[in-house]
Amino acid sequence: MPGVLRFTPFFLVLTSTASLADDNTLTGDWGGLRHQLEADGITFTGDYSGETAYNAHGGLHRSARYSQNLKLGVQFDLSKLYGLANGGKVQLTINDRRGNSASEDLVGNRLPIQENYGGLYTRLTELSYERNLSPALNLKLGYMAMGNDLGGLDSGILCNFMNAGFCGHPLNMSGGSGWTNYPNAHLGVRVKYDLTPDWQLRLAAFNVDPESNGNSSRAWHLGPKHTTGTVVPVELVYKLRGELPGEYKLGYYYDSSNAKRIGSSAEVAGRGGHYLLVDQAVWNDPASPERSLHAFGQYSASSKAASPFTKWYGAGLVLYKPFTNRPRDTVALGYGRAVANPRSREVLEDAALDAGQPFPNLDSAEQLVELSYGYQATAWLNLRPDVQYIVEPGAFSGNDIKDALVFGLQVKATF
């Protein structure tokens with residue numbers, strides 16, 4: 001039988017190509033060692049995502065850009081390792097990013113076309129401890145990214161898209177406060193409390209340290225370099241059960257940091273925002289339980305005093321199992337609108353006037369339409385052809401840039 005070599009951190013394993021297609025991970029079970037380690041309380045994880053985007057029309061240049069993200073992690077179940085009744089879990093995660101930005105180099109828009117671009121170096125992204133303090137109360141603390149537990153939809157529906165405007169959480173939250181995007185991590189604590197089986201309250205507090213964000217010299221430093229304040233998000237989550245399940249999140253966050261007021265030399269004391277996220281099944285196929293259509297919605301508003309864009313609106317549809325013989329494939333269509341802060345626009349207009357240059361007639365927002373097809377080639381490999389149409393790419397920069405049509409391909413592999 002033909003075979004291929006697969007590398008693991010422990011040894012080389014010779015396995016058949018048929019087995020490789022059937023495995024849940026690229027590296028398989030490591031000859032049984034992986035399964036044994038999990039039973040003992042040590043779970044290794046790893047995944048890769050690569051995103052290639054080609055600007056076919058409009059924007060700044062006709063060309064392609066590639067970016068990638070590599071994530072490796074290990075979780076220690078202290079209950080299994082030491083025979084404790086409720087020992088909790090320790091999570092360690094390392095992240096590496098490389099590549100180039102299609103938004104910066106080719107289109108000139110604000111919403112990143114490749115959600116995995118940014119922070120192009122190797123870093124520690126999580127060192128946390130999590131434990132159930134009671135059947136209803138869960139505590140997690142340490143060095144971690146806020147967006148892992150707050151600000152996004154637990155269902156993962158939003159990452160059926162390649163643009164960061166959808167995948168993750170609304171970007172005006174991080175643009176106008178100390179809320180940080182993955183893989184940026186900070187010291188913090190998060191609690192989840194089950195009010196009822198359907199309702200949950202989430203509350204967190206994270207250190208705000210802007211000088212460490214995207215700073216490769218701080219890649220392995222857990223402590224802050226320059227604390228400006230604390231960001232406190234609170235989130236109410238409702239999970240609808242039944243034939244048409246749904247997930248609803250209403251959130252508010254406040255950052256105690258002082259920040260420069262847009263268009264002024266003065267500072268604003270504290271900044272905050274609120275958001276509403278929805279994922280609701282609107283149809284399922286009685287003859288095929290995995291086949292369903294979900295609608296999602298996003299609304300987020302942030303501080304007008306200090307946020308580059310004040311509002312984000314997003315909506316779309318995701319069809320799971322579009323074909324009978326493709327049970328894990330998806331089709332996703334989304335629309336998003338990022339509204340630029342009028343104060344930021346005034347700053348750009350004043351700068352153009354001072355330079356004796358005309359200011360272009362631009363829309364007040366950048367708009368995005370995205371269509372993708374998620375092809376689950378194997379249990380561990382997903383291929384996602386993607387099309388994005390970006391309206392008014394220069395809305396945030398004050399530049400007259402033609403609407404852009406971008407073709408992309410996202411590749412995700414689980415190790």
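Computed values, structure above
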item: Residue match in segment 277-297 (condition: out of contact with any helix residue (DSSP H, G or I) (no Cβ under 7 Å at 6 or more places or on another chain), under 19 Å from N163 (Cα atoms), assigned to a strand (DSSP E or B) and among the hydroxyl-bearing types (S, T, Y)); result: no
item: Test for G272: is it touching a residue at least 24 places away in the same chain (Cβ under 8 Å), more than 30 Å from T324 (Cα to Cα), out of contact with any helix residue (DSSP H, G or I) (no Cβ under 9 Å at 6 or more places or on another chain) and among the small types (G, A, S); result: yes
item: Condition check for L276: at pLDDT 95 or above and either buried (at least 16 other Cβ atoms within 10 Å of the Cβ) or closer than 30 Å to A351 by Cβ (or both); result: no
item: Residues of segment 373-411 that turn out to be under 27 Å from T27 (Cα atoms) and outside any strand (DSSP E or B), as a count; result: 2
item: Odd one out for S67, checked against (1) surrounded by fewer than 19 Cβ atoms within 10 Å (Cβ to Cβ); (2) within 23 Å of Q376 (Cβ to Cβ); result: (1)
item: Candidates G188, G176, filtered to the one that is modelled with pLDDT of 95 or more and under 22 Å from S307 (Cβ atoms); result: G188
item: Flag for R271 being closer than 30 Å to L319 by Cα and among the charged types (D, E, K, R); result: no
item: Selected residue [under 11 Å from the mean Cα position of the chain (by Cα) and in contact (Cβ under 8 Å) with a residue 24 or more places away in the chain] from N163, N138; result: N163
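The values are calculated or read from the model by the stated rules, or taken from the named source; none is laboratory data. Everything quoted here is computed from the prediction, not taken from an experiment. Here Cβ is always computed from backbone atoms with ideal geometry, including for glycine, and neighbour counts include all displayed protein chains.
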